[in-house]
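Before any comments, here is the structure.
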Amino acid sequence: MRESKLWAWHIVTAAIILVLLGLHMGVMHLGAILHALGIGAGHPTHADEVFRRSQQLFFMVTYILLLGAALFHGLYGLRSMLFELSLSKTAEKLIGGLCAVAGFALFIYGGYVAVAVFRLKGV
Amino acid sequence: MQNKLKNNLGLLGWLSGGRYGAERYAYALHRLSGLGILAYFLMHIFVTGSRVNGKAQWDQTMGFFSSPLFKIGEFMVYLAFAYHAINGIRLIMVELGYMVGRPGLPSFPYSYSTLRQRPLFVVVMVLAAVLMIIGGADFYHMMR
């Protein structure tokens, strides 16, 4: 039952990532083409452009959502692959625990960065 | 107690398609691309975290990653993303029972779910290739 729920979340987060990372990739990797065509703002990784995006509520919220969804999806995927190697129960528990701790820690760090940069607005 | 079969192939079981056809290689590539994206994503969290220290720190970080080697690496991640995302849509559709047809008694000429979803597989691969070409054009513009 627990594994079915985790699997369902794996699919739900995949759908969330598809939308949000699609948007992120569009901004980051179609930016140069749009810029060359005279559409859109400056280069996507220039500091002004990065901070302009990071200080908009929409981007701050979507960054945190994407961070959570991608961490769950990626770490659950890694855990599933490792579990297929017929490991002992102890090793499975250890891997599951490590993935959960790493996921929470990275989410807190990434979330802190997103909020802190958003709050730099106007400073 | 879960009823689990022992994986005697280990890591080779992930990569070898054996006699299972194109979808099995798509599965192996999906996992490989997933692992590559995860490795990049974990680094990406820390790299983009440098912006918390202001624009000067961000410019310094971006300067470090501006060499052609890193750009090629970034393009490889983009290719992995394009494949993983589009193939992932196919996997979700198949998981939810779309494009695989209804189960039925085997009758000649035999039709099975893998074969019935093959057109979807082809469309997905073409879409992934188109995304890769568009992304490649963007990287070419950025490198110039």
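I need the calculated FRET efficiency for the pair B:TYR20 and A:LEU94, taking r as the beta carbon distance and R₀ as 30 Å, to the nearest 0.05.
For B:TYR20 and A:LEU94, the calculated efficiency is 0.40.
Would you be so kind as to identify which of B:PHE70, B:PHE139, B:MET93 lies farthest towards the positive end of the dipole of the stretch B:21-143, taking Lys and Arg as +1 and Asp and Glu as -1 on Cβ and the Cα centre as origin?
Farthest along the dipole direction, towards plus: B:MET93.
Below 29 Å, Cα to Cα, which lysines can B:LYS6 reach? Residues fewer than 8 away in the same chain don't count.
Once the sequence-local lysines are set aside, what remains near B:LYS6 is A:LYS5, A:LYS89, A:LYS93.
Trypsin sites (Lys or Arg not before Pro), restricted to the stretch B:1-66: which are DSSP loop and have at most 12 other Cβ atoms within 10 Å?
B:LYS4, B:LYS6, B:ARG19
Hey, which lysines would be in cross-link range of A:LYS121, C-alpha to C-alpha under 29 Å, not counting anything within fewer than 8 residues on its own chain?
Cα-Cα hits under 29 Å: B:LYS55.
At 7 Å along Cα-to-Cβ for each site, give me the label-to-label distance between B:ALA137 and B:LEU120 in nm.
Here the modelled spin labels are 2.9 nm apart.
Enter the Cα centre distance for the pair the stretch A:9-25 and the stretch A:104-123, rounded to the nearest angstrom.
Comparing the Cα centres of the stretch A:9-25 and the stretch A:104-123, I get a distance of 21 Å.
Using r as the Cβ-Cβ distance of B:LEU12 and B:MET43, and R0 as 35 Å, what FRET efficiency do you calculate, to the nearest 0.05?
For B:LEU12 and B:MET43, the calculated efficiency is 0.80.
Quote to one decimal, in nm, the extra length available between B:ARG144 and B:TYR27 on full extension: 0.36 nm per residue of separation minus the C-alpha distance between them.
Answer, rounded to one decimal: 38.6 nm.
Show which aspartates and glutamates lie in cross-link reach of B:LYS71 when reach means a straight Cα distance below 13 angstrom and same-chain residues fewer than eight apart are skipped.
Reachable aspartates and glutamates: B:ASP138.
Let's test the formula: R0 of 51 Å, r as the Cβ-Cβ distance of A:VAL27 and B:SER107. What FRET efficiency results, to the nearest 0.05?
E between A:VAL27 and B:SER107, to the nearest 0.05, is 0.50.
Place a point 7 Å from the Cα of B:MET99 along the Cα-to-Cβ direction; which residues of the stretch B:13-39 have their backbone N under 18 Å from it?
Those under the cut-off are B:21-31.
Sticking with the crude label model, points 7 Å out along Cα→Cβ, report the distance from A:GLU84 to B:ASN53 in nm, one decimal please.
4.0
We did not get these values from a lab; they are worked out from the coordinates using the rules stated. Because the structure is predicted, anything quoted here is derived from the model rather than measured. Cβ atoms come from the backbone with ideal geometry, glycine included; neighbour counts cover every protein chain shown.
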